[in-house]
Structure formats: C-alpha cells, structure tokens
Amino acid sequence: MNPKATPAQLQAQVSGSSFYAGMRVLPKAEREAMYAVYAFCRQVDDIADDEGGKREDRAAALDAWRADIDALYAGRDPGQAALLVDAVDRFKLEKADFIAVIDGMAMDVEEDVRWPPFETLDLYCDRVASAVGRLSVKIFGMEQEPGIALAYHLGRALQFTNILRDIDEDATIGRVYLPREPLAAAGVVFGEPLVLVADPRIDGACRMLAAKAHEHFAAAQEILAARPRGHLLAPRLMAAVYEPILRRMEAAGWGTPRTRIRVNKPALLFTVLRLSLFR
C-alpha cells in the first residue's frame, strides 16, 4: 500500500473486513484514523502470514516497520508509516502499542505457533488484539482506565473467538493456537497439526477456551454498560456480533467435519441499526 494513501484509499482496504461496519459509524476524523490503524495492522499481518516468503525476509520486513515507527515518533521521515502520521498526531497514539502489534506478528514469523502455554497465548493476544484495542480506545475518546480495561477484555474475547473459528485454516498452514493446558486436559495428543485438529477430543479443549472468551465478553459488556465517555458504538457492535458467533460455534461443537461460522450480513446491518437507536 502507498504509505501516502488517501483516506478513501485506506477505506477501500478496510471495506472487506468484518470490522468495517464498526469503523463506518465513527465521526470522520476518528473513522479515518481507524482506517489508518487497520491498514497498518493489515500490512504487518500480511507479512506474518506470507507463507511463501522466507522467515528471515519476513522478519526483516517487520524490522523495517519497527524502524519506520521509531522514525515517526522521532520526527524523522516515517517511510511506510507515513499513513499513521495524522492519526498519531491527532489522537496521541502510543508508540509502544504499534511496536506490540509488530512483536505479536514476529511471534508467528519466528516459528509456527503450536499449542502454546496459556501464558504465551495471552501475551500473543495482548500484542495482536488488545494492543490494537488500546490504539482504538484512544481514537474513540475513552478515558484511560475504562479504555485500557475494555481493550484488555474485548481484545482477548475477539481473538479467542477467532482462534476457535479458524482452527482448520490455521492447521493448514501448520499453526495451532489452542493453548496447551486444555488440550492436555482433554487428552489430545500433540503432533501433526492437521491430525491434532481432527481428534474428536479437541471439542473439550475448545469449550474451555470458549468459556474464557465468554468471561472476557462479560467483563467488556460490564465496562460498556457503565456508559464511559467516548464513541462506543464500534466496540458495542463488535461484542454484539462476535459473541453470538461464539455461541453458534458452541452449539455446533468442534467435532469434525467443522463448518466455519460466518458473520451474517443482514444481521450485522440490523445490529448496527439497533445499537444506533438504543445506545
């Protein structure tokens, strides 16, 4: 992507995302800042997921992003991070959160993530999801304490849901993000990813992770219910869309064959309308 991309060009990059509806309801300045943050996330994620690229080349590409983020905050030529300049200046976004996202992507580049200990998975989720949340809540105009708490809980809830939804796609590229502890408790044997995810006992492990996701959704909803200051329609929408996806997966179970649960677009539009009218 051109680092000097216009807001319209950034919007085009975001429009295919399930997060697009949540961004589109924001005021113009906040919306364009979120487009820029999403475009950054998309680019570093594409680097991490480039299975055709050598690990050393992908690591170097992430290091280039780190250097450009450093340059942006030092007032030098930001290179490919130029797309973030306006958002950083207007909303005082933290450098550490951008670096955390890059560090999360680096975890995928260093080695294929397979059944990590829960502590490692939690760190991964903090970097690739909650760090994005910390950037987002500043753009939403939230105060620090409820904003950081919302980013913590909603980021993990969404990431756990994505992990549970993408089991087969991840195993195809050699990754298993399900944590080690529930897999071991369910009696799943660690081995070839595609064989592991075909084990019927995986259902028990998935339900343990789903329970943790529900805990984080509940904590996020409690924060939102307190009506903190800020543009909260976007996070309300993400919670309202993704927790039902989690419930649908639980109802279907994680035995094979699995059918990937997708966002229902008419239901998404109805949810946007409902939240807009009754927020």
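Inside region 160-201, can you point out the residues that are at positive phi and either among the hydroxyl-bearing types (Ser, Thr, Tyr) or touching a helix residue (DSSP H, G or I) at 6+ places or on another chain (Cβ under 6 Å) (or both)?
The one that is at positive phi and either among the hydroxyl-bearing types (Ser, Thr, Tyr) or touching a helix residue (DSSP H, G or I) at 6+ places or on another chain (Cβ under 6 Å) (or both): 174.
Anything in region 117-138 that is basic (Lys, Arg) and within 13 Å of the chain's Cα centre (by Cα)? List them, or say none. If you could, list the steps in order and put the result at the bottom.
Taking region 117-138 as the starting set, the residues that turn out to be basic (Lys, Arg) are 127, 134, 138.
Within region 117-138, 127, 134 qualify.
What pairs come out if I take residues in region 84-101 that are without any contact (Cβ under 8 Å) to a residue 40 or more places away in the chain and pair them with residues that are of a type in the set (Ser, Thr, Tyr) and assigned to a helix (DSSP H, G or I) whose C-beta lies under 6 Å away, six or more apart or interchain?
From region 84-101, the pairs are 95/73.
So residue 2 passes all but one of these: (1) crowded, with 16+ Cβ neighbours inside 10 Å; (2) modelled with pLDDT under 95; (3) outside any helix (DSSP H, G or I). Which condition number does it fail?
Residue 2 satisfies every listed condition except (1).
Check residue 80 against each of (1) open to solvent by 50 Å² or more (accessible area, probe 1.4 Å); (2) modelled with pLDDT of 95 or more; (3) under 30 Å from residue 237 (Cα atoms); (4) not small (Gly, Ala, Ser) and name the one condition it does not meet.
Unmet for residue 80, out of (1) open to solvent by 50 Å² or more (accessible area, probe 1.4 Å); (2) modelled with pLDDT of 95 or more; (3) under 30 Å from residue 237 (Cα atoms); (4) not small (Gly, Ala, Ser): (3).
Of the residues 214, 231, which is closer than 30 Å to residue 144 by Cβ, touching a helix residue (DSSP H, G or I) at 6+ places or on another chain (Cβ under 8 Å), open to solvent by 10 Å² or more (accessible area, probe 1.4 Å) and at pLDDT 95 or above?
Details: 231 fails: at pLDDT 95 or above.
Testing whether each residue is closer than 30 Å to residue 144 by Cβ, touching a helix residue (DSSP H, G or I) at 6+ places or on another chain (Cβ under 8 Å), open to solvent by 10 Å² or more (accessible area, probe 1.4 Å) and at pLDDT 95 or above leaves just 214.
Does region 196-203 contain any residue that is without any contact (Cβ under 8 Å) to a residue 60 or more places away in the chain and loosely packed, with under 14 Cβ neighbours inside 10 Å?
yes
Taking region 28-82 on its own, how many of its residues are closer than 19 Å to residue 103 by Cα and not in a helix (DSSP H, G or I)?
6
So residue 49 fits all but one of (1) open to solvent by 20 Å² or more (accessible area, probe 1.4 Å); (2) of a type outside the set (Phe, Trp, Tyr); (3) modelled with pLDDT of 95 or more; (4) under 22 Å from residue 164 (Cα atoms); what number is the exception?
Answer for residue 49: the failing condition is (3).
Can you find even one residue in region 176-184 that is part of a helix (DSSP H, G or I) and either open to solvent by less than 30 Å² (accessible area, probe 1.4 Å) or in contact with a Gly (Cβ under 8 Å, 6 or more places away or on another chain) (or both)? Before the answer, list the steps.
First pass over region 176-184, keeping only residues part of a helix (DSSP H, G or I): 180-184.
Going one step further and asking which of them are either open to solvent by less than 30 Å² (accessible area, probe 1.4 Å) or in contact with a Gly (Cβ under 8 Å, 6 or more places away or on another chain) (or both), we end up with 182-183.
Checked region 176-184: at least one residue is part of a helix (DSSP H, G or I) and either open to solvent by less than 30 Å² (accessible area, probe 1.4 Å) or in contact with a Gly (Cβ under 8 Å, 6 or more places away or on another chain) (or both).
Pairs needed: first member in region 104-121, more than 13 Å from residue 182 (Cα to Cα) and free of Cβ contacts under 8 Å to residues at least 60 places away in the same chain; second member anywhere, among the hydrophobic types (A, V, I, L, M, F, W, C) and open to solvent by 10 Å² or more (accessible area, probe 1.4 Å); C-beta distance under 7 Å; at least 6 residues apart or different chains.
Close Cβ pairs satisfying both conditions: 104/128; 106/59; 107/113.
Does residue 89 fit the bill of being open to solvent by 40 Å² or more (accessible area, probe 1.4 Å), at pLDDT 95 or above and more than 29 Å from residue 175 (Cα to Cα)?
Numbers: open to solvent by 40 Å² or more (accessible area, probe 1.4 Å): yes; at pLDDT 95 or above: yes; more than 29 Å from residue 175 (Cα to Cα): yes.
So residue 89 passes the test.
The values are calculated or read from the model by the stated rules, or taken from the named source; none is laboratory data. Predicted, not measured: the structure shown is a model, and the values here were computed from it. Cβ atoms come from the backbone with ideal geometry, glycine included; neighbour counts cover every protein chain shown. Accessible surface areas use protein heavy atoms only, side chains included; no ligands, DNA or RNA. Shrake-Rupley method; radii C 1.70, N 1.55, O 1.52, S 1.80 Å.
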